[in-house]
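Just so you know, all these numbers are worked out from the coordinates, no wet-lab data involved. Everything numeric in this text was worked out from a predicted model, so none of it was measured. Positions of Cβ are backbone-derived with ideal geometry, glycine not excepted, and every protein chain shown enters the neighbour counts.
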Amino acid sequence: MNWQEICEDPSLQDLPFKIELNQWGKIEMSPAKNRHAFLQAKVIKYLLQHAKNGAVLPECPILTTDNVKVADVVWVSDERAEILKNESISSIAPEICVEIQSSGNTNQEMMLKKKLYLDAGAEEFWLCDEYGNIKIYNKQGLLEQSRLYPDFPMYIEI
């Protein structure tokens, strides 16, 4: 199955799950929890309040070397948004890709997503654990703070 087929399949609409494709084109789904949604909303709110330009998007599909992954939140510059806004899958990752780690996600899964997003062109990968602790990475490794949004808090309280 490919991403366009998933987007057009009426039986896959309005599911309470995040859908991604693995490297073999098989659907992977993650159930949503309220805590996840609240943390996602806090990240979005902060970026919307502090973004000088660009766009903040929830649930952004990104083409990676392991098929389509969906970042919980992204920030994309105006320049990159011009490329992505007419695509059904982002051909290049937005500059910031954020994942909110759920209890069902392993650290190994999150580190794979970090690698996939950075390899697809993201400048930073933000990982928020289920307690609101934030870790920010770039291709060189773990950062003390975001280089794109240095005032972003390293802890989110809900």
### Task
Hey, could you grab the Kirkwood Rh for segment 32-143? Inverse mean 1/r over distinct alpha carbon pairs, Å, one decimal.
13.9 Å
#### Entry: Residue-by-residue Karplus 3J(HN,Hα) for segment 49-61, coefficients 6.51, -1.76, 1.60, Hz, glycine and proline x
6, 10, 5, 7, 7, x, 9, 10, 10, x, 6, 9, x
### Task
Provide the FRET efficiency to the nearest 0.05 for the Ala41-Asn133 pair, computing r from the beta carbons and using R0 = 25 Å.
0.90
## Note on the structure
Of all trypsin sites (Lys or Arg not before Pro) in segment 84-158, the ones in DSSP coil with at most 15 other Cβ atoms within 10 Å are Lys85, Lys139, Arg147
### Message
Can you compute the charge dipole magnitude of the chain about its Cα centre, using +1 on each Lys and Arg Cβ and -1 on each Asp and Glu Cβ, nothing else charged? Give it in debye, rounded to the nearest 20.
### Response
360 debye
### Query
Do you know the relative contact order of the chain, to the nearest whole percent, from alpha carbon pairs under 8 angstrom that are 6+ apart?
17 percent
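In the structure displayed, which of Lys42/Lys85; Lys18/Lys42; Lys26/Lys139 lie more than 26 Å apart, Cα to Cα? Walk me through the numbers on the way to the answer.
Numbers: Lys42/Lys85 24 Å; Lys18/Lys42 19 Å; Lys26/Lys139 28 Å.
Too far apart for the 26 Å limit: Lys26/Lys139.
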#### Entry: In nm, spacing of pseudo-spin labels at Asp78 and Met1 (7 Å Cα→C-beta vector)
3.9 nm
### Query
Where in the chain lies the longest segment free of chymotrypsin sites (Phe, Trp or Tyr not before Pro) that are both loop residues by DSSP (not H, G, I, E, B) and have at most 15 other Cβ atoms within 10 Å?
25-130
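How about segment 15-119: which GluC sites (Glu not before Pro) there lie in a loop by DSSP and see at most 16 other Cβ atoms within 10 Å?
Taking segment 15-119 and a limit of 16 other Cβ atoms within 10 Å, the loop GluC sites (Glu not before Pro) found are Glu87.
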